[in-house]
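Trainee: Below is the structure I would like to discuss, written out as structure tokens.
The values are calculated or read from the model by the stated rules, or taken from the named source; none is laboratory data. Remember, it's a predicted structure, so these values are computed and weren't measured experimentally. In this analysis, Cβ positions are derived from the backbone assuming ideal geometry, glycine residues included, and neighbour counts consider all displayed protein chains.
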Amino acid sequence: MPVVTISRQYGSGGSDIARLVATKLGWELIDNEFVDQVAAEAGLPREEVAQREERVPGLVERLARALAVSSPEVLVAAPEVPDSMSREERIVRVTERVIHEAAQHGHIVIVGRGAQAYLASRSNALHVYIVAPREVRVAAAMKRLGIDRKDAERKVDDTDEGRRRYVKTHYNRQWDYPANYHLVINSAEFGYDGAAELIVCAAGVAGIDGAVEGGNGR
């Protein structure tokens, strides 16, 4: 299975699970520490990309961390875009370019960024959605960010809404529609290690090579 995409509810541990999956498979992880690369490709100052990430939760939150380290030639120049295109659209198009090049490289675990929608028609991708009860996710946000319950609830809800809006706006798909994924895992039930093992097993199952149809989830 050359590509695994992992979408996740905020606070469900999806990013940590993705890291475990990448380690277990010996694959590269495309994560959130490559904002500089996105900014450079989009021709935008890094500060502006970061500000947009704050205004629209997760705009470039999970992008590309390890790809260029081992295979810098994989990242090619972004295609020309019209001057009339908004800066947000430019960032989205460049993000898609990075996802495309990562998928071409193969043996990649991609976290978020609408990759499951952008690569929906790709036959050799496994799309995973990590979930957890809201109370568990709120508690995780409180611990991780050092904030009170009210702020944690707002963070969880706003971030998930941002991700839902991003996928709907740019791909006309429902981010949280289960049938848009091959595998939906409750991390509170299986734990991070257990969830990672399930994904690794699914990635190795013969026959998981069809695109996820949108169905009513489009």
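Trainee: Pairs please, first residue from segment 150-165 and more than 13 Å from Gly11 (Cβ to Cβ), second anywhere and among the aromatic types (Phe, Trp, Tyr) and outside any helix (DSSP H, G or I), Cβ atoms under 6 Å, 6+ apart in sequence or on different chains.
Mentor: Arg164/Trp175
Trainee: Among the residues of segment 123-143, how many are under 21 Å from the mean Cα position of the chain (by Cα) and surrounded by fewer than 20 Cβ atoms within 10 Å (Cβ to Cβ)?
Mentor: The number of residues fulfilling the criteria is 6.
Trainee: Additional query: Against the condition crowded, with 23+ Cβ neighbours inside 10 Å and either hydrophobic (A, V, I, L, M, F, W, C) or farther than 27 Å from Val98 by Cβ (or both), how does Arg154 come out, does it pass?
Mentor: It is false that Arg154 is crowded, with 23+ Cβ neighbours inside 10 Å and either hydrophobic (A, V, I, L, M, F, W, C) or farther than 27 Å from Val98 by Cβ (or both).
Trainee: Right, here's the next one. Considering only segment 195-205, I want to know if a residue exists there that is at pLDDT below 90, under 23 Å from Glu28 (Cα atoms) and surrounded by 19 or more Cβ atoms within 10 Å (Cβ to Cβ). Working first, answer last.
Mentor: Our first condition is that a residue be at pLDDT below 90; within segment 195-205, this holds for 201-205.
Right, trim to under 23 Å from Glu28 (Cα atoms) and you get 201-205.
Filter once more, keeping what is surrounded by 19 or more Cβ atoms within 10 Å (Cβ to Cβ): 203.
Within segment 195-205 (the criterion being at pLDDT below 90, under 23 Å from Glu28 (Cα atoms) and surrounded by 19 or more Cβ atoms within 10 Å (Cβ to Cβ)), the answer is yes, since at least one residue qualifies.
Trainee: Please return the ranges of helices (runs of 4 or more DSSP H) entirely within segment 49-149 where 3 or more residues are at pLDDT 85 or above and not acidic (Asp, Glu).
Mentor: Working: elements: 67-70, 87-105, 115-118, 134-145.
Once the helices (runs of 4 or more DSSP H) in segment 49-149 are filtered for at least 3 residues that are at pLDDT 85 or above and not acidic (Asp, Glu), what remains is 115-118, 134-145.
Here is a yes/no grid of residues against (1) within 16 Å of the chain's Cα centre (by Cα); (2) loosely packed, with under 15 Cβ neighbours inside 10 Å; (3) not aromatic (Phe, Trp, Tyr):
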| residue | (1), (2), (3) |
| --- | --- |
| His100 | yes, no, yes |
| Leu145 | no, yes, yes |
| Thr159 | yes, no, yes |
| Arg165 | yes, yes, yes |
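Trainee: Before we move on, is Ala179 part of a helix (DSSP H, G or I), at pLDDT below 95 and hydrophobic (A, V, I, L, M, F, W, C)?
Mentor: Working: part of a helix (DSSP H, G or I): yes; at pLDDT below 95: yes; hydrophobic (A, V, I, L, M, F, W, C): yes.
Spelling it out, Ala179 is indeed part of a helix (DSSP H, G or I), at pLDDT below 95 and hydrophobic (A, V, I, L, M, F, W, C).
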